[in-house]
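Take a look at the structure set out below.
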Amino acid sequence: MSFFSFGQSAEIDVVLNDAETRKKVEHKTEDGKKDKYFLFYDGETVSGKVNVTLKNPGKRLEHHGIKIEFVGQIELYYDRGNHHEFVSLVKDLARPGEITQSQTFDFEFTHVEKPYESYTGQNVKLRYFLRATVIRRLNDISKEMDIVVHTLSTYPELNSSIKMEVGIEDCLHIEFEYNKSKYHLKDVIVGKIYFLLVRIKIKHMEIDIIKRETTGTGPSVYHENDTIAKYEIMDGAPVRGESIPIRLFLAGYDLTPTMRDINKKFSVRYYLNLVLIDEEERRYFKQQEITLWRKGDVVRKSMSHQAAIASQRFEGSAASESALEQAAKEESG
């Protein structure tokens, strides 16, 4: 058991009741590293024990009460120290008095509302934590324990494909199509690009996944764009009438669900950015927003099977049917 010391009188520790069985997930910390935390979902009960251990047995510890809090808060990095709490629950564990020996206190926060996903970004952090405190006259003894919350979604009822045209008059005319506009975090983006008119010499083409984090309101709005992935579609000059398939697997990238206007403090949106570069190094862009969502842990099919199914739905071709058969063979074999 790991303890955290404050002063000389006592140590305090928080232990979850289901720590042995509860799943842990990696989550990015502020310094960019990843640590493992206990995973919770909206509506789940959070229960455990607070252990108060006297460092000098036999010496009494006077206090003004012992409590535990469950807190959900947003911190904007440009406004540090000003925490915006959207969940704040308190349980009193002991009335003011004194402790003469080490003690354990049980706590339970029943069916806790956890409306937002845990998030650590470039300008904002949304976190949930338990904080146990022994209140004292001069210096409180306190311990915080972070948890991670994931928000799950169901399959969207409306999920239309994206079709767009991009062109430069008399020079370039292309159409691109993605099989849907909403993708879960382990999904496969399947699409096609058609070249209808090519009069400039294109040497390179790629799709970027861009994450845009927006914080603040009114005049103090900050936008941070982060290129999460670069996917090369083509290296070399296309010809008129050519069609190029796209298959982009999302599972390998560090993505979160789309987050819109979270507690009126921040948003996280994702875009597919089509980039064309000609032989004179001129760049042409076309950007399209997509929605990302987190799917519950169900029986997972292999990624090759997922890709083949998406391909079959989208293209409806004999080639995709054979890809599906091949994927099924791989799975059974």
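In the elastic network of the chain, a GNM with C-alpha springs shorter than 10 Å, the most mobile of Asn56, Asn123, Asn225 is Asn56. Value of Rg to Rh for region 8-147, rounded to two decimals, is 1.00; Kirkwood radius and Rg both from alpha-carbon coordinates. A straight Cα-to-Cα reach below 16 Å connects Lys143 with the lysines Lys49, Lys55, Lys67, Lys91, residues fewer than 8 places away in its own chain not being considered. Bins of 5 Å, beginning at zero and ending with the bin holding the largest distance: percent of Cα pairs per bin for region 160-294, please. Each 5 Å bin holds this share of Cα pairs: 2, 9, 19, 21, 16, 13, 10, 6, 3, 1. Per-residue surface analysis assigns Asp106 an accessible area of about 110 Å², computed on protein heavy atoms at 1.4 Å probe radius.
Using the Karplus relation 6.51 cos²θ - 1.76 cosθ + 1.60 with θ = phi - 60°, the per-residue 3J(HN,Hα) values for region 51-61 come to 9, 10, 10, 6, 7, 10, x, x, 8, 7, 10 Hz, with x marking Gly and Pro. Diffusion coefficient of region 88-201 by Stokes-Einstein, Kirkwood radius over Cα pairs, 37 °C, 0.692 mPa s: 159 µm²/s. A 1.4 Å probe run over the protein chains yields, for the chain, 54 Å² of accessible area per residue, whole-number rounding. So what is Rg over Rh here for region 56-132, counting just Cα atoms and using Kirkwood for Rh? We get a ratio of 1.11 for region 56-132.
Amide H contacts of Ile147 (H built 1.01 Å from N, in plane; Pro and chain starts excluded): Tyr128, Phe129, Leu130 sit under 5 Å, all sequence-distant by 5 or more or on other chains. Applying 0.36 nm per residue to the separation of Lys59 and Phe129 and subtracting their alpha-carbon distance, the gain on full extension is 22.1 nm. Rounded to the nearest 10 degrees, the angle from helix 303-315 to the longest Cα principal axis of the chain is 40 degrees.
Note on Glu206 and Asp226: their simple-model spin labels are 1.8 nm apart, each label 7 Å out from Cα toward Cβ.
With axes computed from alpha carbons, what is the tilt in degrees of helix 318-332 against the longest principal axis of the chain, rounded to the nearest 10 within 0 to 90? Here the helix axis deviates by roughly 40 degrees. Net charge in the neighbourhood of Thr120 (other residues with Cβ under 12 Å of its Cβ; Lys, Arg +1, Asp, Glu -1) is -4.
Other residues within the sphere of radius under 12 Å centred on the Cβ of Tyr183, judged by their own Cβ, net out at +3 (K and R +1, D and E -1). Normalised by residue number, the volume inside the convex hull of the Cα atoms of region 117-167 is 144 Å³ per residue.
Highest-first packing order for the peptide set 14-21, 42-49, 217-224 is 42-49, 14-21, 217-224, based on the mean count of other beta carbon atoms within 10 Å. Per residue, the average separation of C-alpha pairs within less than 8 Å and at least 6 apart gives the chain a relative contact order of 14 percent. Could you identify which residue out of Thr215, Thr104, Thr151 has the top mean-square fluctuation in a GNM of the chain using Cα springs shorter than 10 Å? Largest GNM mean-square fluctuation: Thr104.
The orientation-averaged projection of the convex hull spanning the C-alpha atoms of the chain amounts to 22.8 square nanometres.
Build a GNM of the chain with springs between Cα atoms under 10 Å apart, and of Asn82, Asn51, Asn139 the one that fluctuates most is Asn139.
The values are calculated or read from the model by the stated rules, or taken from the named source; none is laboratory data. Bear in mind that the values here come from a model prediction, so they are computed numbers and not experimental data. FYI the Cβ positions are ideal-geometry reconstructions off the backbone, even for glycines, and counts take in every protein chain you see. Note: accessible area is taken over every heavy atom of the protein model, side chains too, but ligands, DNA and RNA are not part of it. Shrake-Rupley method; radii C 1.70, N 1.55, O 1.52, S 1.80 Å.
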